[in-house]
Structures are given as C-alpha cells and as structure tokens.
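Report on the following structure.
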Amino acid sequence: MEQPYIRLNNICKNYGNSPVIKDLNLSVRKGERLVLLGPSGCGKSTTLRMIAGLETISSGNLYVDNKRMNDIAAGKRNVSMVFQDYALYPHMTVAKNISYGLRVNKINHEEIQRRLKKVISILHLDGLEQRYPRDLSGGQRQRVALARSIAKQSDIFLLDEPLSNLDAQMRIGARKELLKIHQLYHQTFIYVTHDQIEAMTLGDRIALMDKGTLQMLDTPYNTYNRPSNVFVAKFIGTPSTNILGVQFKDGFLIFKEASIPAAEGWVRLIHQAKQPDLILGIRPEHVQISRTEKENSLNGTVSRIEEYGNQLGVIFTFEGAEITAISDHRDWKEGEEIFFSIDQKKMYLFDRTTTRTIGYPDE
Ligand SMILES: Nc1ncnc2c1ncn2[C@@H]1O[C@H](COP(=O)(O)OP(=O)(O)OP(=O)(O)O)[C@@H](O)[C@H]1O
C-alpha cells in the first residue's frame, strides 16, 4: 500500500471522564477522499477537529507526512476546514471573506488577486464579490466558504458536513462541485457526513464509526456489499438489512424452526469459523417473494406495505421476526401468505458473539 499521508495512531479523546474517541487507528493516503460516516454523536466532528488542531488529543499520535502533529498549533498545520455553518465573517464582503486568511498569511497582493479570481470562477461567484454574507442564499454562502478554503491551497481539506444546510437538489450540484475541486487541486479530503449517499458518491474510502470506534474502513462498494459486522450491515442501505438469528447444523441454516440448506461456500466458512451460532443479514432487495412455493422457499405473512414510488416495500412476519422485501409488483395485500427465498450469494453471516462477519464465500 502507498505510504499513508495522515496517520491516526491509537487516538483517544476524553471530555472529562467520558471517552468520545476510543483507540482510533486510521490512515489516509495523499490525495485520497476519505469520508467519516456514522450516526449522530459517534465522534466524526471530534476526529476532524483533532486533525485540524482545534481539539487536543487525549492520547495517541497524529502524524502528517511522518511528522508528529499533536502539539502543532492549528494555524501552523497545512489544513483548511469548511464548517457546517460556514463560519463566514458577517462584516466582510465575499471577496474579503475569501482573501482574509491569505492576507493574514502575508501572501502578496497579486497572488491573492490571482487566487481570488480563480476560485470565484470555479465556484460561480462572479458578480457577488462585493456582497455581504447576509445578502447571499444558503447555497451561495456555502460556495463562499468552500472558495475561502480552496484559496488557501492547503494540502489537507477538512469538511464538516458542508452541505447539510442545502436542499436535496443543491446538494447534488454541490457534490459535483466538490469532485471538480478535488480533480483540480488533488488535496487530501477528509469529509464528515451522516448521509450515506454523500459518503458513497464522494469517498474513495469510507471510515464508518460508531460510539467513538472505527467499525469499517473500506471502499463504498465493500462497505455496502461486504460489511465487516452487523452494525455496518444495518447502518448502510435503506431500507435496512434484515437481521435474523440462525444456527448451523448438519449442513442446514436453522431459523427458529424452519431451515434451508446452506450453500457450499458458506458451509466451508462456517466450519472454519467453528461457530454454529450465527446472525444472517440479507438486504431487502435480495429477498425474493412469490405467491408460489419454490425449492427451499420459506413462508411468511404480509403485515405492511410501504410505498417507495417506483417500488414497494413488502414487510412480512416470519417466525415472529419482521422481514422487508422490495418488490416491483404492486398487488401485494396485507394479511396474505407469501413464500420467500434468500439469495445466498448476496447474504451475510456474522458470528453471534462478536457480531463480525465470518467472511465471504467468493473471497
Ligand atoms: N466540548 C465537548 N464537551 C463534552 N462533550 C462533547 C464536546 N464536544 C462533543 N462532545 C460529545 O462527544 C461526542 C461526539 O461528538 P461529535 O460532535 O464528534 O459527534 P458527531 O459524530 O460529529 O455528531 P453529529 O453528526 O451529530 O455532528 C458526543 O457525544 C458529544 O456530545
């Protein structure tokens, strides 16, 4: 693997007695777009702020380009940051907001003008240079905040939910803009969000966190298709992955009573794991439902239908558990008996004790 550019080694952060980040190890490559994703309060912003130098590190080491950064002041780190609320200076015009940091850093006038012109053009802020933040729309303010950070030309670009105040349509446009900026400047991006779509579309890799710990660090494809544990499987994807307890015995996966023969690849992995008590995960799009019985199909009763516009979510009960399937057909009725089968090529099996995956058959 390419030498990591930013390294977090065993980083912990406590506020008083409460640990917020627990033994975090994370490496980011130069020029990579890494997304920190996770539920509210999991420690994404805290992690970003420690990298920026806005928050002290309780223990562990932060390295950038092999240099220990723990005690380097924020202003001396080669980073720029965009905040969720943009943090623009209200009494400065757009042009002044963008150029202020450059003036403080004693960049010469011609260079400031050159950078200003370029970022104004990249972010479509032409004509707004003399306006004040209060006279801008939310989207324009967000672009000014981005422009101000880009103009600094730092190697590391830290973004803390920069699009969360924009409406859905504007977010799509802004995502394209961010990718364009990255193509032009190749900075190392660390991007915080709790929006999965944003994480999937913007990240080369996703670091998924929960309760201050790293749950998985991998590509968007692997995060979705090869979750490392039950938390990842449930967090990524909407509607959420169905989770069912199963026991492996004599080649069969046994639910409470019903059972299906386990596919060969899974049998091998289960033997390797030496763990018959498992958790089965299957995404709603990989549960096939039908009115007719098929080989190895199981049966349930439809309890609810959810409208997704182009498809329906069919929620049915099976041995007391609720399972969601996605269907293109629209004629399912509440209360009707259905048959369903699980696509074993697409399912996940986790160790019930550790909740970690036992592996994937095609690996
Ligand atoms: N200054 C502080 N003092 C005490 N606790 C704090 C402080 N700042 C953050 N926390 C706590 O640390 C935890 C992590 O917060 P953080 O803002 O990093 O989470 P997050 O994942 O970015 O959440 P969100 O998506 O809601 O912004 C939370 O439980 C939060 O309440």
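The values are calculated or read from the model by the stated rules, or taken from the named source; none is laboratory data. Please read all numbers here as calculations on a predicted model, not as lab measurements. Cβ: placed from backbone, ideal geometry, glycine included. Neighbour counts: every protein chain shown.
Tabulated values for the structure
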item	result
Filter pass, Asn10 being away from the ligand (no atom under 12 Å from the Cβ), assigned by TED's automatic domain parsing to the domain that holds Arg205 and not acidic (Asp, Glu)	yes
Residue in the stretch 10-31 that is assigned to a loop (DSSP other than H, G, I, E, B) and either modelled with pLDDT of 95 or more or under 20 Å from the mean Cα position of the chain (by Cα) (or both) present	yes
The stretch 154-191: number of residues that are surrounded by fewer than 15 Cβ atoms within 10 Å (Cβ to Cβ) and either not in a helix (DSSP H, G or I) or not aliphatic (A, V, I, L, M) (or both)	7
Any hit, the stretch 42-54, residues being closer than 30 Å to Arg134 by Cβ and among the hydroxyl-bearing types (Ser, Thr, Tyr)	yes
Unique residue being touching a residue at least 40 places away in the same chain (Cβ under 8 Å), surrounded by fewer than 18 Cβ atoms within 10 Å (Cβ to Cβ) and within 22 Å of Lys234 (Cβ to Cβ) when the list is Gly281, Gly313	Gly313
Leading residue by the ranking (farthest from Leu36 (Cα to Cα)) among those in the stretch 183-204 that are touching a residue at least 24 places away in the same chain (Cβ under 8 Å) and over 18 Å from the mean Cα position of the chain (by Cα)	Leu184
Subset of the stretch 219-252 [assigned to a loop (DSSP other than H, G, I, E, B), touching a helix residue (DSSP H, G or I) at 6+ places or on another chain (Cβ under 7 Å) and closer than 30 Å to Val35 by Cα]	Pro227, Ile236, Gly237, Pro239, Ser240, Thr241
Residue tally, condition out of contact with any Lys or Arg (no Cβ under 9 Å at 6 or more places or on another chain) and surrounded by fewer than 20 Cβ atoms within 10 Å (Cβ to Cβ), over the stretch 198-221	3
Considering residues of the stretch 13-40 that are surrounded by fewer than 16 Cβ atoms within 10 Å (Cβ to Cβ) and free of Cβ contacts under 8 Å to residues at least 60 places away in the same chain only, the residue nearest to the ligand (Cβ to nearest atom)	Tyr15
Filter result for Ser58 (more than 27 Å from Glu198 (Cβ to Cβ), within 16 Å of the ligand (Cβ to nearest atom) and in the same structural domain as Leu202 (by TED's automatic domain parsing))	yes
Checking Lys152 against (1) under 24 Å from His194 (Cα atoms); (2) in contact with a Gly (Cβ under 7 Å, 6 or more places away or on another chain); (3) away from the ligand (no atom under 16 Å from the Cβ), the condition it does not meet	(1)
Identity of the residue in the stretch 32-53, over 22 Å from Lys234 (Cβ atoms) and of a type in the set (Val, Ile, Thr), that ends up farthest from the chain's Cα centre (by Cα)	Ile51
Search result, residues across the stretch 317-334 that are more than 29 Å from the chain's Cα centre (by Cα) and closer than 19 Å to Gly245 by Cβ	Thr317, Phe318, Glu319, Gly320
Subset of the stretch 61-83 that is in a strand (DSSP E or B) and within 16 Å of the ligand (Cβ to nearest atom) - its residue that is nearest to Gln196 (Cα to Cα)	Val82
Hits in the stretch 41-55 (condition: of a type in the set (Gly, Ala, Ser) and either in contact with a Pro (Cβ under 7 Å, 6 or more places away or on another chain) or more than 9 Å from the ligand (Cβ to nearest atom) (or both))	Ala52, Gly53
Positions within the stretch 253-278 being surrounded by 15 or more Cβ atoms within 10 Å (Cβ to Cβ) and assigned to a strand (DSSP E or B), in sequence order	Leu253, Ile254, Ser259, Ile260, Leu278
Residue check, Asn108 modelled with pLDDT under 95, more than 16 Å from the ligand (Cβ to nearest atom) and under 26 Å from the mean Cα position of the chain (by Cα)	no
